1. Would you confirm, using the coordinates I've provided, whether B:Gly290 is buried (at least 21 other Cβ atoms within 10 Å of the Cβ), within 19 Å of the chain's Cα centre (by Cα) and not acidic (Asp, Glu)?
2. Can you tell me which of (1) touching a Gly at 6+ places or on another chain (Cβ under 9 Å); (2) in a helix (DSSP H, G or I) is the one A:Leu250 doesn't meet?
3. Kindly indicate whether any position in segment A:99-108 is part of a loop (DSSP other than H, G, I, E, B) and of a type in the set (D, E, K, R).
4. Among the residues of segment A:232-283, how many are away from chain B (no Cβ under 14 Å), among the polar types (S, T, N, Q) and under 23 Å from A:Val156 (Cα atoms)?
5. What number goes with the only condition from (1) out of contact with any Lys or Arg (no Cβ under 9 Å at 6 or more places or on another chain); (2) part of a helix (DSSP H, G or I) that A:Leu380 does not pass?
6. Which of (1) at the interface with another protein chain (Cβ under 9 Å from one of its Cβ atoms); (2) in contact with a Gly (Cβ under 9 Å, 6 or more places away or on another chain); (3) surrounded by fewer than 24 Cβ atoms within 10 Å (Cβ to Cβ); (4) outside any helix (DSSP H, G or I) is the odd one out, the single condition A:Gly306 does not satisfy?
7. Between B:Val312, B:Val317, B:Val297, which is without any contact (Cβ under 8 Å) to a residue 40 or more places away in the chain, outside any loop (DSSP other than H, G, I, E, B) and either within 26 Å of B:Asp75 (Cα to Cα) or of a type in the set (A, V, I, L, M) (or both)?
8. Within segment A:339-348, can one find any residue that is more than 11 Å from chain B (Cβ to nearest Cβ), under 29 Å from A:Ala235 (Cβ atoms) and either part of a helix (DSSP H, G or I) or without any contact (Cβ under 8 Å) to a residue 24 or more places away in the chain (or both)?
There are 2 protein chains.
Amino acid sequence: MTNKIKIGVAGLGTVGAGVLKIINAHGELLQARTGTRLEVTAVSGRDRNKDRGVPIEGLAWYDNAADMAKDPDVDVVLELIGGSDGVAKDLCVSALTLGKHVVTANKALLAIHGTELAELAEKHGVSLAYEAAVAGGIPIVKALREGLAGNAISRVYGILNGTCNYILTEMEETGGEFDNILQDAQKLGYAEADPSFDVDGVDTAHKLAILTSLAFGTPVDFNSVYIEGIRDVTAADIAAAQEFGYRIKLLGVSRRTDKGIEQRVHPCMVRTDTAIANVSGVFNAVVADGDFVDSTVYVGRGAGEGPTASAVVADIVDIAIGRHSATFGIPVEEMSPLPMASIESHVGCYYVCLTVYDRPGVIADVSAVFRDENISIESLLQRGRSESEAVSVILVTHEAQEASVVRALSKIEKFAHSVATPRMIRIVSL
Amino acid sequence: MTNKIKIGVAGLGTVGAGVLKIINAHGELLQARTGTRLEVTAVSGRDRNKDRGVPIEGLAWYDNAADMAKDPDVDVVLELIGGSDGVAKDLCVSALTLGKHVVTANKALLAIHGTELAELAEKHGVSLAYEAAVAGGIPIVKALREGLAGNAISRVYGILNGTCNYILTEMEETGGEFDNILQDAQKLGYAEADPSFDVDGVDTAHKLAILTSLAFGTPVDFNSVYIEGIRDVTAADIAAAQEFGYRIKLLGVSRRTDKGIEQRVHPCMVRTDTAIANVSGVFNAVVADGDFVDSTVYVGRGAGEGPTASAVVADIVDIAIGRHSATFGIPVEEMSPLPMASIESHVGCYYVCLTVYDRPGVIADVSAVFRDENISIESLLQRGRSESEAVSVILVTHEAQEASVVRALSKIEKFAHSVATPRMIRIVSL
């Protein structure tokens, strides 16, 4: 007699359809790998009659996904609906409460309710798995939770949003400005009609909050993530970055500091010779630094039908084999709510771009402000030479505290020769 | 009452000492992650009194590691001795036979006896884990076996030997020749006194044979691996590679072809803009291509105390938690012994370097040979111009079959104007 695991798929968008395709294509392979037949028994979607490129005849259909949890013919629920609340959450709560395993690709849900759901999973002795929620096809959840389990993690960071990385790569390659590249990306399907979730850094922050919990064994704390998107990155910034040997990437960075755990999402200047700087287009990458293993790098596709579905199926395989793990690597009751460091206490190097009238004394005034804030300047570069028009002054600082840099920029903004609000991009030493 | 898992460490070299250090340093963390106390109860090494930077007082000592398997106070045996036979194998066989889990870092053992040991582990219902055997700190065994379990793998390849990658990187950066760089590497401790295992590609081949089994679900077949080391790579080859936009790396490549599974280890020309080309020095990297996930890349330290011990501890954590997997991803009885393709049937592009007298007609003669073997030439470059002295002629071919290229080179070698044996390096399109 063959073991069988009965799967209910809630959400038949790209990822849901991808999962059905994998299970159809690799039924025998998956059976060899798990000793179990993976059988989809129930599905739920918006439109029963839509062609998804994969047959759903003969499967139980649910108009309301939340009802699927109660189906006695469903052992594992795949929540592929999305959204941090509503039916996605209802479904997960009722499935876990009924003692059914849940596999989800929903980063928003885990970033907001991850700890509470993990507790529920533990209480009922089932798995809550979410490899697909972070960096799609890259098995980074497994790597952090299991592969690096012998290490205290000091830092985890990455390119976690393909849309942003695509836009920044295109900006660099074409010299174009954000708005134009975004429009092209929307036409090509690499950016959503409403791109805010991606380009404003929220999606990256959701994923980072999950990685932080996994890496440091602390409850998920999305509200502590400092978030800044890529809308303000200009072609001039990208050109200046190149000149200084940097590339601009939107990173999510989480690291252990004296002041607590820093969680931040913002455009970063990274040296062009680092692994992360060379991850282009829609690819994602994660770097995890452990005290014994040193630095490990993981690169792959962060989204799309195949890669995301691949991650969902890996979670199903774990469940089918009985490879159970605590949701965030350690049980919720073992978690310690670590202090979170504010962005103001961040210490690092900064790229600063000022727009000023090129009058005698302007550099002296700027330098004095930095000196007064105890910020030492590594290099300074003036662009253009014109007494009547504004010019750019670009500075790179040595290590300085964010609060000091913010104060300095605010003083400079008030100068008579300041034309625009000074801008800064954090430099990340990797 | 706390669960406890009792560990016997056989082999107290770098890796063994590293494992003791991790367990000492992270006792609480590991207990939180596993719900179990990891306790080393017995050790075995060459010299009981050597200072390893970690205390072994109070632990049972075995002069003969093979005896450790019988210790009732040992649940898990760590085989960190090395060598494909002898005491390492004896210890593993007796531990598995006694129903004890085995964790090993021994690639030679698994490459030669992997299938037989996997069968033994299955028969006795225990784990045979070996994350540390391939690419040290990179959790690639777990990624292939679990993280990519939803995919049929089409290809897996990588830089699996840090010594070779260090030497090739140094050759490129300094322009030096192999012998000199090897001597420097030996002085710095990056190469062994007898470097053959590394530089002749055997170590890479051991690891590749393991990856092949994991990726394709076929019994480990080390004898089918084509092996060519890096001793013959010259500074001139490296310079020529740069000119054509390539870098030379020693890769282990395993891929599914029409003719069977190709397993080969040899110097490769890889495009400089690929992820693998940018992995320098002692770092390792593995790329795994799956049909749904597409390409995934893993980079990290391939050797050394911390990274290797980190991998060993990850395996212990899996065992402590009860996350059990078939040794090579599927049980031995489900494995299919796939046909293995010979290197002669390999199809790819080739870099060819000829050393000839620069006489009229030499290029015509060379071209005719390639034409007769049905090999089309992508580019041809003559180095130097001297009727009396030998010059280099460098060719890059379009896709051709290895057997044809070998025949062509053998014909050219017999030319009157040939000065040295023609050499070739395979170009890998990644």
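1. On the way: buried (at least 21 other Cβ atoms within 10 Å of the Cβ): yes; within 19 Å of the chain's Cα centre (by Cα): no; not acidic (Asp, Glu): yes.
No, not satisfied.
2. (2)
3. Narrowing segment A:99-108 to residues part of a loop (DSSP other than H, G, I, E, B): A:99-100, A:105-106.
Narrowing further to those that are of a type in the set (D, E, K, R): A:100.
Yes, some residue in segment A:99-108 is part of a loop (DSSP other than H, G, I, E, B) and of a type in the set (D, E, K, R).
4. Counting residues in segment A:232-283 that are away from chain B (no Cβ under 14 Å), among the polar types (S, T, N, Q) and under 23 Å from A:Val156 (Cα atoms) gives 3.
5. Result: A:Leu380 fails condition (2) only.
6. Every condition holds for A:Gly306 apart from (4).
7. Numbers: B:Val312 fails: without any contact (Cβ under 8 Å) to a residue 40 or more places away in the chain; B:Val317 fails: without any contact (Cβ under 8 Å) to a residue 40 or more places away in the chain.
It is B:Val297.
8. There is at least one residue in segment A:339-348 that is more than 11 Å from chain B (Cβ to nearest Cβ), under 29 Å from A:Ala235 (Cβ atoms) and either part of a helix (DSSP H, G or I) or without any contact (Cβ under 8 Å) to a residue 24 or more places away in the chain (or both).
The values are calculated or read from the model by the stated rules, or taken from the named source; none is laboratory data. Just so we're clear, the structure is a prediction, and the values are computed from it rather than from any experiment. For neighbour counting, all protein chains shown are included, and Cβ atoms are generated from backbone atoms with ideal geometry for every residue, glycine included.
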